[in-house]
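The values are calculated or read from the model by the stated rules, or taken from the named source; none is laboratory data. What you are looking at is a predicted structure, and each value in this text was computed from that prediction instead of being measured. We place every Cβ from the backbone using ideal geometry, glycine too, and count neighbours over all the protein chains shown.
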Amino acid sequence: MRLTVAATLLALCAASLPAHADDPIDCADQKTTVDMNFCADEDFKAADAKLNAAYKKVLAQIAESDLEKPYDRASWEKAMRESQRAWVAFRDADCKGAVPMEWSGGTGTSSAVLGCMTALTNERTKDLGERYNLE
């Protein structure tokens, strides 16, 4: 019985996939909410990858520093890691907490959340790049 129910649910899920499921989504010409959410997620993934690369470069620069306490590399790295964790907590609280309230759970909520996360992530990447002269 459970296997039959599971098979039926799987078949229903497969049948409910968009008609273009096999076709790539054209993010330059988004037509549906599914398209918008997909493209917003792709944008966030790209922004997050750039931030992670910048953050690694910052940590590498810190590792090469040769200052004395309290500005030594271990203290500086600890401060940077704490700063980044606090920044991620802020971004997530703002984008995943406040933004959905602004949309009242409407169909654009997911894209708005991802857009917020992408924008703040891009700003953080830019900030780190300017502060640490990253290329």
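In table form, for the structure just shown:
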| read-out | value |
| --- | --- |
| Criterion violated by CYS116 - all others in (1) closer than 26 Å to ASN37 by Cβ; (2) among the hydrophobic types (A, V, I, L, M, F, W, C); (3) exposed (fewer than 13 other Cβ atoms within 10 Å of the Cβ) satisfied | (3) |
| Pairs, first in contact (Cβ under 8 Å) with a residue 40 or more places away in the chain and aliphatic (A, V, I, L, M) in the stretch 32-45, second surrounded by 15 or more Cβ atoms within 10 Å (Cβ to Cβ) and part of a loop (DSSP other than H, G, I, E, B), C-beta under 6 Å, six or more apart | MET36/GLN30 |
| Filter pass, ALA98 being more than 30 Å from GLU135 (Cβ to Cβ), at pLDDT 95 or above, among the hydrophobic types (A, V, I, L, M, F, W, C) and part of a helix (DSSP H, G or I) | yes |
| Matching residues, the stretch 61-74, being outside any helix (DSSP H, G or I) and either touching a Cys at 6+ places or on another chain (Cβ under 6 Å) or not hydrophobic (A, V, I, L, M, F, W, C) (or both) | SER65, ASP66, GLU68, LYS69, PRO70, TYR71, ASP72 |
| One residue from GLU77, GLU130 being in a helix (DSSP H, G or I), within 23 Å of LYS45 (Cα to Cα) and either touching a strand residue (DSSP E or B) at 6+ places or on another chain (Cβ under 8 Å) or acidic (Asp, Glu) (or both) | GLU130 |
| Residue that is farthest from the chain's Cα centre (by Cα), among those in the stretch 48-74 that are loosely packed, with under 14 Cβ neighbours inside 10 Å and closer than 20 Å to ASN122 by Cβ | LYS56 |
| Answer residue from the stretch 27-47, given it is within 10 Å of the chain's Cα centre (by Cα) and hydrophobic (A, V, I, L, M, F, W, C) and is nearest to THR109 (Cα to Cα) among those | ALA40 |
| Residues of the stretch 75-111 satisfying the condition of being over 18 Å from THR121 (Cα atoms) and among the basic types (Lys, Arg) | LYS78 |
| Residue check for GLU77: out of contact with any Asp or Glu (no Cβ under 9 Å at 6 or more places or on another chain), farther than 20 Å from ALA119 by Cα, at pLDDT 95 or above and surrounded by 15 or more Cβ atoms within 10 Å (Cβ to Cβ) | yes |
| Candidates VAL58, VAL88 - the one that is farther than 17 Å from ASN133 by Cβ and part of a helix (DSSP H, G or I) | VAL88 |
| Test set (1) surrounded by 15 or more Cβ atoms within 10 Å (Cβ to Cβ); (2) out of contact with any helix residue (DSSP H, G or I) (no Cβ under 7 Å at 6 or more places or on another chain) - LYS31 fails condition number | (1) |
